[in-house]
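For reference, the structure discussed in these notes is given below.
Read the figures in this text as sums done on the coordinates, not as results from a lab. All values reported here derive from a predicted model rather than from experimental measurement. Don't worry about glycine lacking a Cβ; one is built from the backbone with ideal geometry, like all the others, and counts go over all protein chains shown.
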Amino acid sequence: MRALFLAKCPRCRRGNMFVKGLDAYPFIGQMHTYCPHCGLRFEREPGLWQGAMYTGYAISVATMVGCFVAVYVLGQDPATWVYISTTVVVTLLLAPLNYRYSRVMMMHWFAGIDYDPEAEAGRRHGA
Ligand SMILES: [Zn+2]
């Protein structure tokens with residue numbers, strides 16, 4: 001989970017998947033082609049990032065539901081435009097994070113890459 005949160009390579013858990021860290025928000029979306037530590041090619045197959053769109057969709061829906069519930073609880077059931085505007089603004093503000101973590105989750109959970117201590121130690125390099 002720590003490697004996932006920090007957007008580290010799923011194989012070595014040391015190399016960064018993205019060029020910039022969260023401190024560069026919202027410009028955090030540019031990925032390395034290969035892991036800078038172990039050389040793993042991040043796009044394992046064509047269409048892998050299309051699969052990440054489904055993960056991003058799920059994150060967006062969860063964000064919207066969370067916003068609706070928060071507005072309902074905190075705003076004591078305000079007018080409809082408050083629900084809609086709050087949800088749109090929050091979803092747009094979190095879009096760079098959604099983009100980033102949808103790809104990270106796709107790599108860690110669905111790309112079939114296991115942690116390799118040899119890669120972490122730097123003894124295995126390449127795709
Ligand atoms: Zn790596």
Quiz item: Working out 0.36 nm times the residue gap between V88 and Q76, then minus their Cα-Cα distance, what length gain in nm do you get to one decimal?
Solution: 2.4 nm
Self-check item: Ranked C9, C35, criterion: other C-beta atoms within 10 Å, fewest first
Solution: C35, C9
Quiz item: Distance in nm between label sites at M1 and R123, each 7 Å beyond Cα in the beta-carbon direction?
Solution: 3.0
Self-check item: Extended-chain gain in nm, criterion 0.36 nm per residue less alpha-carbon gap, Q30 and Y57
Solution: 7.8 nm
Quiz prompt | Relative contact order of the range 2-120, defined on C-alpha pairs under 8 angstrom at six or more residues apart (%) | solution = 35
Quiz prompt | Rounded Å value of the spacing that divides the Cα centres of the range 82-127 and the range 13-39 | solution = 10
Quiz item: Can you list the cysteines of the chain that have no other Cys Cβ under 4.7 Å away?
Solution: C67
Self-check item: Amide H partners (placed H, <5 Å) of M31, local residues excluded
Solution: V19
